[in-house]
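S.K.: First the structure, then my questions, so here it is.
The values are calculated or read from the model by the stated rules, or taken from the named source; none is laboratory data. A quick note: this is a predicted structure, and the numbers were derived from the prediction, not measured. Cβ placement follows ideal geometry from the backbone for every residue including glycine, while neighbour counts extend to all protein chains displayed. The protein model used for the area step is the full one, side chains on, heavy atoms only, and it has no ligands, DNA or RNA in it. Shrake-Rupley method; radii C 1.70, N 1.55, O 1.52, S 1.80 Å.
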Amino acid sequence: MAALIRHVFQRSTRFLHANSSVALQTRFNSGLLVESGKYPFLQELGIEAENAGAFTGSGAWGGKGELVTSYSPINGEPIATVRQGTVAEYHEAVENSKEAYSSWADMPAPLRGEIVRQIGDALRKKKSAIGQLLSLEVGKIVAEGCGEIQEFIDVCDFAVGLSRMFSGRVLPSERPGHILLEQWNPLGLTGIITAFNFPTAVFGWNAAITMVCGNTCMWKPAPTTPLCGIAITKVIQSVLAENKVHPAVMTLMCGGADIGGAMGQDESVPIVSFTGSTAVGQKVGTIVQGRFGRCILELGGNNAIIVLEDADLNLVIPATLFASVGTQGQRCTTTRRLILHEKIYDEVLEKLKKAYSQVRIGDPLDESTLYGPMHSQQGIEVYENAIKNAVAQGGKIEAGGKVLDRPGNYVEPTIISGLSHDAPVVQSEAFAPVLYVLKTSSLDEAISWNNEVKQGLSSSLFTKNPGNLFRWLGPKGSDCGVVNINIPTSGAEIGGAFGGEKHTGGGRESGSDAWKQYMRRSTCTINYGDDLPLAQGIKFQ
C-alpha cells in the first residue's frame, strides 16, 4: 500500500490535471525575475528571491525541504525560488489544525462568514497583483488571471450568505410525542490539492465554503504554481491575524509526492479535494476511500459543443473560440469536440478558421493578448502528440498545428477535421488547444457522440428549438454534470455546483448544495413525550 501511495503522488507531482511537467528545477539560478524590477506586483505580494513554502499554522513561515525554482512559461526565465515543506512540517500543520478546529468549530457560523467576507475584501485589494502573478507563473492572459481572483472573491460572497442558511430539515415522526431533525456538523480538516490551470479559484471554491462550514483547511498547490499559493496564503493569514483567529484554520504545504502521499493516507484528514487528471484522481480516490475518507474529485473533461442547423451562428463562433482556445486549451471545461450539423458544417468551419487566424498570440501580461503560452514543455509535447496522432488517424489540419519558434511555451491553436467520432484521438482528452470538428446528421446522433466518451464534465447545445432544448436537458440528453444551451462549455458561474460524471469523478464544488460534502449529517430523533412507542408499531413488552 505504501508503495502504491508513493507511486500515485509521484505521478500527481508530474502530471497534475494535464500531464503537465514540473517546471521546477533544483539548480542554481541567477537573474531571477523577482529581482529584475520588471514585475513590481511580485514585491506587492511579498514574493522574494527565496520564499518559505510551508505555513504550518504555528504563526511563522517555514520550509525545510528542497529548494525549487518557479519558471515563467512566458519566457522560460526563473521567477523566484521556494523552499518546500517536509513531511515533518506536514504533521506539525495537521496537529496545529486540530487545535485550531477546536475553537473554529465552536464559533457561530455567521461569525465564520464574517471572517470569510473579510478575506474576499482583502483579495479585492490584491486582485490586479495576483491576477498578474497568475499570468506570469501559469501563462493565462491577464484578463483570465484577474477573472480567477474575482471568482475566489465571488465564492467568498456566496459563502457569507451560506453561513446563515445551512438548512437542516424537520421531519414528521410516525411516533406520537417525537420529532425528527437533520443536523449538519463540520468534518474537521479538509485537504485541498489543486492543479496548475486554476491555481487559486479551485482552492477558493473549497476553502471559502469549508471554512464557513466550520472546518479547517490545508492547501497543497500544484508543484508548478507555488508562488500563487504563497501569495494567497499571505492574504488569508493577514485577515486571520487581524481577527485574532488561530492561524492554522488555513495552512499551506508546497511540496511534492511526499506531501500528497501523507495527505492521501492520513486519517486525520477526513476529506480530500483533488483536482487533476482522471488517471491520478482514480488512484487518489482509491487510497482515500481505502481508509474510509471522503474524496471530492474534479478530473478531466472531453467536452463537446453541438451546433444544430437552426443555431444562431453569431453566438456559435465566439462561444467556440473562447471555449476552445481560452487558457490555451488547458481548462477542464475546454471544448475539444465541435459537432456540427451537416447543413451548416462548411459555413461554421470557414468562419471559425477565420476567427482562429485573428487570435492575438503573445505575452499574456499584455492586455491586448488573447492567447498566451502553454504552461509547460510537457504541455507542448501533449499538443504535438495529439496532432501527430490525429493526422495519422485521417485528420486534416484546418488551422494552426505548429509550435512557435520563440522564447516561452507557445503553440498555435489548432482545428482538425476529417476524423471519425470514435477515432482514438477524439475519444481521449489532450490537455491542449486542439479542436476536432465532426459532422452529424441529427440531434440524436450528436447526443450519442457527446455521451460516448469516458468523461462527463461539460457540454453545450446551440439551438433555437424548444423541443431540442428539453431533449438535451432530459434523461436521454447530455450525461454531463454541466449542461449548457447557447453558451460555451467553459465559464461556469459560482452559484451552481460544479463537477461532472463518469471519469470526471462525480465531485461537486462551489455553489448550490455542494457545502454538504464538507459536513456530516446526523438524523436526530427527539422524544418530548412521556411514553416510549417504537417505530413500525413494534411491541417489545
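S.K.: Let me make sure I get this right: for segment 30-160, a, b and c are the square roots of the gyration tensor eigenvalues over alpha carbons, sorted descending. Under 1.5 in a/c it's rounded, otherwise prolate if a/b > b/c, else oblate. Which is it?
M.R.: oblate
S.K.: Residues of the chain: accessible area per residue at 1.4 Å, in Å²?
M.R.: Per-residue value: 39 Å².
S.K.: Quick check: the distance between the Cα centres of segment 81-105 and segment 490-525, to the nearest angstrom?
M.R.: Comparing the Cα centres of segment 81-105 and segment 490-525, I get a distance of 26 Å.
S.K.: Counting only protein heavy atoms, what percent of the accessible surface of segment 382-437 is carbon or sulfur at a 1.4 Å probe?
M.R.: Roughly 48 percent, rounded to a whole number.
S.K.: OK, next. With a 1.4 Å probe and every protein chain kept in, tell me what percent of the accessible surface of segment 331-378 is carbon plus sulfur.
M.R.: 41
S.K.: Collect residues whose amide H, placed 1.01 Å from N in the peptide plane, falls under 5 Å from the amide H of residue 188; neighbours closer than 5 in sequence don't count.
M.R.: Residues meeting the criterion, in which the H sits 1.01 Å from N, are 216.
S.K.: May I pose another question? Taking the Cα centre as origin and putting +1 on Lys and Arg beta-carbons and -1 on Asp and Glu beta-carbons, what dipole magnitude results for segment 197-298, to the nearest 20 debye? Before the final figure, lay out the partial values.
M.R.: Working: 6 positive and 5 negative charges, 7 e Å.
Charge dipole, segment 197-298, about its Cα centre: 40 debye, nearest 20.
S.K.: Compute the signed sum of charges (Lys and Arg +1, Asp and Glu -1) over the other residues within less than 14 Å, Cβ to Cβ, of residue 61.
M.R.: -1
S.K.: How big is the gap, in Å, between the Cα center of segment 306-327 and the Cα center of segment 401-479?
M.R.: Comparing the Cα centres of segment 306-327 and segment 401-479, I get a distance of 11 Å.
S.K.: Once phi is turned into θ = phi - 60°, what whole-Hz ³J(HN,Hα) does the Karplus curve with 6.51, -1.76 and 1.60 give for every residue of segment 93-104, x standing for Gly and Pro?
M.R.: Going residue by residue, I get 5, 4, 5, 5, 5, 4, 5, 5, 4, 4, 8, 5 Hz, with x marking Gly and Pro.
S.K.: Going by average Cβ neighbours within 10 Å, how do the peptides 48-61, 470-483, 128-141 rank, with the highest at the top? Write down the numbers at each step before the final one.
M.R.: Details: 48-61: 19.5, 470-483: 17.6, 128-141: 26.1.
Order by mean packing, descending: 128-141, 48-61, 470-483.
S.K.: Would you compute, for the Cα atoms of the chain, the largest minus smallest coordinate along each principal axis and list the three values in descending order, in whole Å?
M.R.: The Cα atoms of the chain stretch 78, 63, 44 Å along the principal axes, largest first.
S.K.: Given a cut-off of 26 Å, name the pairs among 140/502; 125/244; 140/396; 353/454; 38/126 whose C-alpha atoms lie farther apart than that in the structure shown.
M.R.: 140/502; 140/396; 353/454
S.K.: Can I ask one more? Each residue of segment 392-409 in order: what ³J(HN,Hα) in whole Hz does its phi give by Karplus 6.51 cos²θ - 1.76 cosθ + 1.60, θ = phi - 60°, with x for Gly and Pro?
M.R.: In residue order, the calculated couplings are 5, 9, x, x, 10, 6, 8, 7, x, x, 10, 7, 7, 8, 7, x, x, 9 Hz.
S.K.: How big is the Rg/Rh ratio for segment 319-367, C-alpha atoms only, Rh by Kirkwood, two decimals?
M.R.: Here Rg/Rh amounts to 1.03.
S.K.: Treat every Asp and Glu Cβ in segment 440-485 as -1 and every Lys and Arg Cβ as +1, leave all other atoms uncharged, and give the resulting dipole magnitude about the Cα centre to the nearest 20 debye.
M.R.: 140
S.K.: I've got another one for you. Could you work out the local net charge near residue 412, counting Lys and Arg as +1, Asp and Glu as -1, over the other residues with Cβ closer than 14 Å to its Cβ?
M.R.: On the way: positive: 353, 360, 402, 406; negative: 384, 398, 405.
Its environment carries a net charge of +1.
S.K.: Then there's this: What residues qualify as long-range amide H neighbours of residue 410, i.e. H under 5 Å apart, gap of 5 or more or another chain, H built at 1.01 Å from N?
M.R.: Placed amide hydrogens put 374, 404 under 5 Å from residue 410.
S.K.: Under 12 Å from the Cβ of residue 218, count the other residues' Cβ atoms, weight Lys and Arg +1, Asp and Glu -1, and hand me the total.
M.R.: Within the 12 Å Cβ shell, the charges total -2.
S.K.: Send over the Kirkwood Rh of segment 166-304, from the inverse of the averaged 1/r over different Cα pairs, rounded to one decimal Å.
M.R.: By the Kirkwood definition, the hydrodynamic radius is 16.6 Å.
S.K.: Please give the peptides 68-80, 380-392 ranked by average Cβ packing (other Cβ atoms within 10 Å per residue), highest first, as a rough proxy for protection.
M.R.: Numbers: 68-80: 21.7, 380-392: 19.0.
Final packing ranking: 68-80, 380-392.
S.K.: Name the shape class, rounded, prolate or oblate, that the alpha-carbon gyration tensor gives for segment 463-506, where a ≥ b ≥ c are the square roots of its eigenvalues, rounded holds for a/c under 1.5, and otherwise prolate holds if a/b is larger than b/c and oblate otherwise.
M.R.: On the way: a/c = 2.51, a/b = 1.39, b/c = 1.80.
It comes out oblate by the Cα gyration axes.
S.K.: Looking at 423, 238, 133, which one has the Cα that reaches farthest to the positive end of the dipole of the chain (charges on Cβ: Lys, Arg +1; Asp, Glu -1)?
M.R.: 423
S.K.: So for each of 314-320, 399-405 I average, over its residues, the number of other beta carbons within 10 Å; can you give me the resulting order with the highest mean first?
M.R.: On the way: 314-320: 18.0, 399-405: 15.1.
So the order, starting with the most tightly packed, is 314-320, 399-405.
S.K.: Give, rounded to the nearest 20 debye, the magnitude of the charge dipole that the chain has about its Cα centre when Lys and Arg contribute +1 at Cβ and Asp and Glu contribute -1 at Cβ.
M.R.: 500
S.K.: Once amide H atoms are placed 1.01 Å from N in the peptide plane, what residues at a sequence separation of 5 or more from residue 71, or on another chain, have their amide H within under 5 Å of its amide H?
M.R.: 79
S.K.: On alpha-carbon atoms, Rg over Rh for segment 386-448 using Kirkwood Rh?
M.R.: On the way: Rg = 13.2 Å, Rh = 12.7 Å.
My calculation of the ratio gives 1.04.
S.K.: Next up: Where does the chain land at 222 nm, in deg cm²/dmol rounded to the nearest 500, when only DSSP H runs of n ≥ 4 count, each adding -39500 (n - 2.57), divided by all residues? Can you show the working numbers first?
M.R.: Numbers: 15 runs with 206 residues, N = 541.
Rounded to the nearest 500, it is -12000 deg cm²/dmol.
S.K.: Using only protein heavy atoms and a 1.4 Å probe, report how much of residue 421 is accessible, in Å² to the nearest 10.
M.R.: 50
S.K.: Using θ = phi - 60° and the Karplus relation 6.51 cos²θ - 1.76 cosθ + 1.60, list the HN-Hα couplings for segment 253-264 in order, rounded to whole Hz, with x at every Gly or Pro.
M.R.: Result, ordered by residue: 9, 6, x, x, 4, 5, 5, x, x, 4, 5, x Hz.
S.K.: Just name one of 81, 111, 68: the one whose Cα is farthest towards the positive end of the charge dipole of segment 60-119 (beta-carbon charges, Lys/Arg +1, Asp/Glu -1).
M.R.: Value computed over the given set: 111.
S.K.: Counting only protein heavy atoms and a 1.4 Å probe, tell me what percentage of segment 479-541's accessible area is made up of carbon and sulfur.
M.R.: That share works out to 50 percent.
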